[in-house]
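Visitor: Sharing a structure here in structure tokens format.
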Amino acid sequence: MLKDKIVFITGASSGIGEACAKVMAREGAKLILCARRIDKINALSKELKKEFGTASFCFALDVRNQPDVAKAVESLPAEWRAIDILINNAGLSRGLAKLHEADLNDWEEMIDTNVKGLLYVSRAILPGMVKRKSGHVVNIGSVAGHQLYPGGNVYCATKHAVDAITQGMQIDLVDTPIRVSTVDPGMVDTEFSTVRFHGDEEKAKTVYTGLTPLAGEDIAETVLFCVTRPPHVNIHQVHIMPKAQAAATISHRKR
Ligand code: NDP
Ligand code: 8X3
């Protein structure tokens, strides 16, 4: 169903973005892959070429840098410009400090990446979709876009913003064929917690102790479902949780 569709994935160097790349490649898509760690992107591209014969176009991109985002999209080779699907996945959390004790740098990084980065990429790619009267944007939100938890303050605010931006896109694009979805997961076992705890792997592991979290592939298959519905169907929002997680702060852990 995705044969030769062009899928643009931000944050494809690990976790959910990498899993999306693999699932879309399996379905026959062509991939535009970016993240800051270009070595990982290049290795993924090579792997997908070998496994599925996937054509991919790769570059290093920090979504926080608006001029770089605009330039990267403007300078895509002609055969890569007609982007069919944009997966706005690049994002991160930093810290779990109380708001009155938090490191301001953590706030800047989360807001600049999760909110402004998503906006910059969308602003660069959406006009082409509108012009071509074709396209689908999938934003990766979170349970944190709907619920708060202790120390979640600013990360949760950024994901609430993603929810608002998604709804804004759906409203502003209602008179076009462009579809907009958000996939909002609970705990997914990726590099997310290691990044949140600034590289502390031991602390990161405790997040998933005693339960089976979601895997990046679970989210990728859900994104695939969203982008393979008939044109009159738009999946607005998907909430997806591990079975053992009922809400952001309510999980059942085996001891
Ligand atoms: P990972 O840390 O495994 O992946 C995050 C990806 O985002 C990496 O590829 C990273 O690439 C990229 N990224 C981070 N900052 C930037 C930047 N400034 N510019 C470009 N790329 C960037 O975590 P996940 O896969 O879990 O996270 C993906 C998305 O899923 C995020 O938006 C996250 O908020 C969301 N999410 C995650 C959940 C979870 O429990 N894991 C649950 C709900 C939502 P690089 O470092 O190479 O730039
Ligand atoms: C990531 C999931 O619960 O840490 O968005 O906010 S959570």
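Nothing in this text is a laboratory measurement; each read-out follows from the coordinates by a stated rule. In this text the structure is predicted, and so the values were computed from the model without any measurement. Every residue, glycine as well, gets a Cβ built from its backbone with ideal geometry; the counts of neighbours run over all protein chains shown.
Visitor: What number in nm² do you get for region 6-56 if you take the convex hull of its Cα atoms and divide its surface by four?
Guide: Computed as one quarter of the Cα hull surface, the answer is 2.7 nm².
Visitor: Moving on to the next point. Identify all lysines with a Cα-Cα distance to LYS131 below 26 Å; exclude those on the same chain that are fewer than 8 residues away in sequence.
Guide: Within the straight-line limit of under 26 Å, LYS131 reaches these lysines: LYS3, LYS5, LYS30, LYS71, LYS116.
Visitor: Run through the DSSP bridge list for the chain and note the antiparallel percent, rounded to the nearest 5.
Guide: 5 percent
Visitor: Then there's this: Going highest first, how would you order 87-95, 42-50, 186-194 by mean Cβ packing within 10 Å?
Guide: 87-95, 186-194, 42-50
Visitor: If you build a Gaussian network model of the chain, linking Cα atoms that sit under 10 Å apart, which residue out of ARG229, ARG36, ARG196 swings the most?
Guide: ARG229
Visitor: Once every DSSP H run of n ≥ 4 in the chain is given -39500 (n - 2.57) and the sum is divided by its residues, what mean residue ellipticity at 222 nm do you get, rounded to the nearest 500 deg cm²/dmol?
Guide: -12000 deg cm²/dmol
Visitor: Residues with amide H under 5 Å of ASN88's amide H, sequence separation 5 or more or different chain, H placed in the peptide plane at 1.01 Å from N; which?
Guide: Correct list: VAL138, ASN139, ILE140.
Visitor: Once Rh for region 52-172 is found with the Kirkwood sum over Cα pairs, what is the Stokes-Einstein diffusion coefficient at 4 °C and 1.567 mPa s, in µm²/s?
Guide: So the translational diffusion coefficient is about 83 µm²/s.
Visitor: Pick from ASP84, ASP163, ASP106: which residue has the top mean-square fluctuation in a GNM of the chain where Cα pairs under 10 Å get a spring?
Guide: Greatest mean-square fluctuation among the candidates belongs to ASP106.
Visitor: What dipole magnitude, in Debye to the nearest 20, does region 6-251 give about its Cα centre under +1 on Lys/Arg Cβ and -1 on Asp/Glu Cβ?
Guide: So the dipole magnitude of region 6-251 works out to roughly 640 debye.
Visitor: On average over all directions, what projected area in square nanometres does region 6-251 have, based on the convex hull of its Cα atoms?
Guide: Spelled out: convex hull of the Cα atoms, projected over all directions, averaged, 12.9 nm².
Visitor: For region 148-183 and region 41-105, write down the distance between their C-alpha centroids in whole Å.
Guide: First find each Cα centre; the distance between them is then 18 Å.
Visitor: Using the Kirkwood formula over every pair of different C-alpha atoms, what hydrodynamic radius in Å results for region 179-255?
Guide: 13.9 Å
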